[in-house]
Amino acid sequence: MNNSKKIITFLLIISNSLFAFSQITGKIVDEANLPLEYATVALYNQNNKTLISGVITDSKGDFEFKNIKKGTFYIEASFIGYEVKTINNITILNTRETKDLGQLLLTLGTNLDEVVIQGERSTVVNKIDRQVFDAETFTSAQGGSTIDVIRNLPSVSIDGQGEISVRGSSGFTVLLNGKPVQSNASTIMAQLPANAVERVEVITAPSAKYDPEGKAGILNIITKKGALDGAFAQLNIKGGFPSIETYGNDKAHQRYGIDATYNVRNEIWNVSLSANYQRNDLGGRREGDAYTIIDDVKTQFPSTGERSFDEVNYSGRFSVDFTPDTTNVFSLGLFAGKRSKERLADIVYYDNHAVSPADSDNRLYTFQYYNHNLRERKSDFALGSLDYTYTFKNTSKLSTSALYEYTLLGGPTVNQNLGYPDHSILYQDEYNTNENPLHGIRLQLDYTFKPFTWGVLDMGYQYRHLDHTGDFVYERRTDFDDDFELVPEFSSEVDLERTIHAFYTQFSGKSGLWNYAAGARIEVMDRTLDLKDKANTVDDTYEYDITKLYPSASLQYEITDKTNIKAAYSKRVERTSTFQMNPFPEREHSETLEQGDPELKPEFIDLVELGVTKKLKNGQSVFATAYYRNVKNVVNRVNTVYNDTILNRIYSNVGDAKTIGLELGAEIKPTKNWNNFIGANIYNYKIDGEFDDQPIHSEATQYSINFNSTYSFWENASLQFTFNYLSERVTAQGEDSRFYSPNLTFQKSFLNNRLTATLQWQNIDMGLLDTNEQRITTYRPNDFYTTTNYIYEVDMVLLNLSYTFKNGKNKSKFINSEFGKNEF
């Protein structure tokens, strides 16, 4: 027995020697006890002052040195604008010792003007669960919106209709400073100025800690922060030069804006006030051709004319943080504003005709008419949030958050079919309008603690409630002297209630060369949709209740200090909006009705990815990620024939889709002053299913490329060229053509960097290219065919001026819309 104990003891000693590693850990915080991400920590030998290793803190401010030999060391912790913190006499006595230095406080320097930055931040930082992109790298976005920032990311592509896709999917979730916002992505980011964005995090396989919405993952928009006592004030003004190409549009398009931020801070209070006004018009035209076949009669209606946008956004934000001590933090945020987007389509149908039989030239008639179509989407909104965080002595943390939103959505559509060339002749005048108020509530409770030295446990509960009521009115007349009359079968009341209870637990940590995270989230959703029409023929209720488990896991291994490999899995969901479930038709324009499906099911997604990152010398790097996405209940907008000259566009579950892709990125610096970032995404997309009793099968290999090249002439001037390319793509009933846009930006700073001027040349074309132009085609054999080429404004020149009145850093933290923007 004694010999057995000796053998076991010997094996344990050998095991500990082989698998135990000495470590030095700690956490970097600022004067408000907030973690400092991207702080630099260097480890030195105290005897000969030689550098042993260097690391960068993570999003929680944590750092770790591994595999440290015996000896005495010191560290230096630093962050731009802060005093260097030195910790001496760190002694490691054996190879199994773990030395935790606790929280290290960095204080701001007394003279920021004397800080000299040696080198520059990388465009992209790869982490176990995300890619982090530095927004300031993309000077071409200055004066624009967040959309202009994210269009440079390798995962992201934007088509001619402004639809944003991540890895080829338009379904993704947007976070603002880590807070979920269930909203239309382009609407959210169009409201947030690019000047306010510090970085963008692309989380393609999110953990159970996050809401499971978004089949392509999450875009986390991080706004600029600071930690300097005192005041910060900044004013940004944007103006656009007159349009070079007008396309014969009815009005001259305008582009201008102004946004201002004021932030005052001390040890206890952090108060921010911001206002924003933007006018962003876009000129353009469209060229289309379409036909339907009914009872062997082919009706064809080619068209051409204006298609332009007038967009106005203005809003005000207010936030206050109260930090009475290092334990408690209270935050209040308010946000209110108005937004409006008008789409004008004045189209001439110059050769309407019908032939019979469908394959003959025997015309039954020839007809011309003019269609005036103006669609306006409006939203008045007000929302508020209240957050509280309590930090325990053992560094565990309890966080609560409450958000309430009220949004009044609406906007009419005017659709007039007139004579051509005599517009005084009225064939049909239709007016759609709606008023649909939305109430949204989110309550959340999170608890974080560290039960083991090698991991952190997060758990929490979330409650979400959406109440969206709508009154939709469809009116029609056939004479200018007549009153509009209600079309009761197209006029409706639509009421949606959706309640979600969610519970999650998540464990993450590090051990040796491994980083890991695993968790699960369970959600209980109850959805009720009530429908009534004005003719009192429809009074239906549709209920959809589901309990679903959403597991996730990620793993990363450090092959060397410059090379990592990682793998991840995440279960996701893409929920349906009220608009997608409203079955009552809305007149979008002359040749189209649009409606939803009240029995529409959410999409359920499985995401798997495997990636490798490699750091090169001089701040250069490369990365590659292979991924697989399987989607059940794919929602697509598909067409049926309503009558001989009108197609009905319907949102429907059309089957399942599979995507296999490879994402590549590289940061290359041929010289000290020349930096290049290129990202590419190539993937095979396949969709199988059926719609309207007909099979759907589409498959294609598709790709997108985003290129960004910046040359710095001297310390305060740079020239940047960007190029965004999106290949042809297949849809459930057709394909979209390629789309591309080159841009050039010159930026110069003046007055000791207080004033920055940015001159932009967007959508470079010069009459030589097909920039900012995309053709969309859908068809079904022996039923219908439609193709439309959308040609939008090119050679746009804008000037943005940004002036900083105060030297303090911006610590503004604003909330954003949770519910309403999803329906805008």
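Observations
- Residue-span extension gain [Val524 to Asn88] - 0.36 nm each, minus C-alpha spacing: 151.7 nm
- Placing pseudo-labels 7 Å out from each Cα toward the beta carbon at Leu408 and Ala535 gives an inter-label distance of 3.1 nm.
- Using θ = phi - 60° in the Karplus curve 6.51 cos²θ - 1.76 cosθ + 1.60, the 3J(HN,Hα) couplings for region 535-546 round to 7, 6, 9, 10, 8, 10, 10, 10, 10, 9, 10, 8 Hz; x is entered for Gly and Pro.
- Top positive-direction residue, dipole computed over region 124-822 with Cβ charges, set Asn352, Tyr542, Asn800: Asn800
- In terms of distances greater than 18 angstrom between alpha carbons, the cross-link table entries Lys397/Lys510; Lys571/Lys632; Lys66/Lys510; Lys69/Lys566; Lys209/Lys571; Lys571/Lys601 yield Lys397/Lys510; Lys69/Lys566.
- Relative to the dominant Cα principal axis of the chain, helix 2-19 is inclined by about 60°.
- In plain terms, the chain from Tyr388 to Lys601 could stretch by 73.1 nm, reckoned as 0.36 nm per residue minus the Cα-Cα distance.
- Phi angles across region 507-522 convert, under the Karplus curve 6.51 cos²θ - 1.76 cosθ + 1.60 with θ = phi - 60°, into 3J(HN,Hα) values of 10, 9, x, 9, 8, x, 8, 9, 10, 8, 7, 8, x, 8, 10, 10 Hz, Gly and Pro given as x.
- Between the beta carbons of Leu443 and Ser59, assuming R0 = 22 Å, the FRET efficiency works out to 0.35 to the nearest 0.05.
- Projected label distance in nm at His423 and Asn643, using a 7 Å step from Cα toward the beta-carbon: 2.4
- What you get for region 124-822, charging only the Cβ of Lys and Arg (+1) and of Asp and Glu (-1), is a dipole of about 4600 debye around the Cα centre.
- Under 18 Å from the Ala358 label point (7 Å along Cα→beta-carbon), backbone N, region 779-798: 779-787
- Considering helices alone, the calculated mean residue ellipticity of the chain at 222 nm is -1000 deg cm²/dmol, with DSSP H runs of length four and up weighted by -39500 (n - 2.57) and normalised per residue.
- Between Ile682 and Tyr365, the C-beta separation translates, for a Förster distance of 56 Å, into a calculated FRET efficiency of about 0.70.
- Length released on extending from Asp770 to Asn45, taking residue separation times 0.36 nm less the Cα-Cα span: 255.0 nm
- Applying D = kT/(6 pi eta Rh) to the chain, where Rh is the Kirkwood radius over alpha-carbon pairs, T corresponds to 25 °C and eta to 0.890 mPa s, the Stokes-Einstein value obtained is 84 µm²/s.
- Candidates Asn328, Thr366, Gly217 compared by Cα position along the dipole of the chain: farthest toward the positive end lies Asn328, with charges placed on Cβ.
Throughout, read-outs are computed from the coordinates displayed, never taken from laboratory work. In this text the structure is predicted, and so the values were computed from the model without any measurement. With ideal geometry, Cβ positions are generated from the backbone for all residues, glycine too; neighbour counts draw on all protein chains shown.
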